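Single-structure report; data block below.
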Amino acid sequence: ANTFHPTYIFSIVISQVWLPILDTVQVFIRRILSGVSPLHPDKNHIHHMAIIIFRSHEKSTFFLLTMYLIGLGTALGGIYLSVNPFIILCFQYFQALALLLFLFHKNEVNRKVRLKMLEEKRDNGISL
């Protein structure tokens, strides 16, 4: 029998708020570990990393919107298929974790490429 579990509502809500919550938590942790006030502004938010990686506001917005839609699709698909709500929430958690790891990795790769280009310019005598 198909029964609507109240936890399904929670999974739909989580699918829409996980990104801002996760973003805020990771920024606060980074700032605290750096000895900076958690409320100090910087460019470590997910949308800043996405803009650096995708090199445009439009592409980064499309990427983040796609992540939201995947989360919502997961919640609604899980409800439709009567999947245990805990499994839906676990999948959404791992989706969020994968997004963060992807953005951190790509951002670090971009940073290393930029540093290497600056070093090459310096070594070739090109003024910065």
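The values are calculated or read from the model by the stated rules, or taken from the named source; none is laboratory data. Since the model is a prediction, treat every value here as computed from it, not as a measurement. Cβ sites come from the backbone with ideal geometry, for glycine too, and all protein chains shown count toward neighbours.
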Look at residue 10 and say whether it is surrounded by 13 or more Cβ atoms within 10 Å (Cβ to Cβ) and either modelled with pLDDT of 85 or more or under 23 Å from residue 105 (Cα atoms) (or both).
no
Taking the residues in the range 62-109 that are closer than 19 Å to residue 27 by Cα and among the polar types (S, T, N, Q) as candidates, determine which candidate is modelled with the highest pLDDT.
95
Does any residue of the range 43-64 turn out to be in contact with a Pro (Cβ under 6 Å, 6 or more places away or on another chain) and among the basic types (Lys, Arg)?
no
Boolean, residue 20 is in contact with a Phe, Trp or Tyr (Cβ under 8 Å, 6 or more places away or on another chain), surrounded by 11 or more Cβ atoms within 10 Å (Cβ to Cβ) and without any contact (Cβ under 8 Å) to a residue 24 or more places away in the chain
no
Restricting the search to the range 95-128, which residues are more than 25 Å from the chain's Cα centre (by Cα) and loosely packed, with under 11 Cβ neighbours inside 10 Å?
116, 117, 119, 120, 123, 124, 125, 126, 127, 128
What's the number of the only condition in (1) more than 16 Å from residue 96 (Cβ to Cβ); (2) surrounded by 11 or more Cβ atoms within 10 Å (Cβ to Cβ); (3) at pLDDT 85 or above that residue 40 fails to meet?
(2)
Return the residue satisfying two criteria in turn: it lies in the range 49-66 and is surrounded by 16 or more Cβ atoms within 10 Å (Cβ to Cβ) and without any contact (Cβ under 8 Å) to a residue 24 or more places away in the chain, and of such residues it is farthest from residue 16 (Cα to Cα).
54
Just to be sure before I move on: is residue 92 exposed (fewer than 14 other Cβ atoms within 10 Å of the Cβ), in contact with a Phe, Trp or Tyr (Cβ under 8 Å, 6 or more places away or on another chain) and in a helix (DSSP H, G or I) in the structure I sent?
no
The number of residues in the range 42-63 that are small (Gly, Ala, Ser) and out of contact with any helix residue (DSSP H, G or I) (no Cβ under 8 Å at 6 or more places or on another chain) is 1
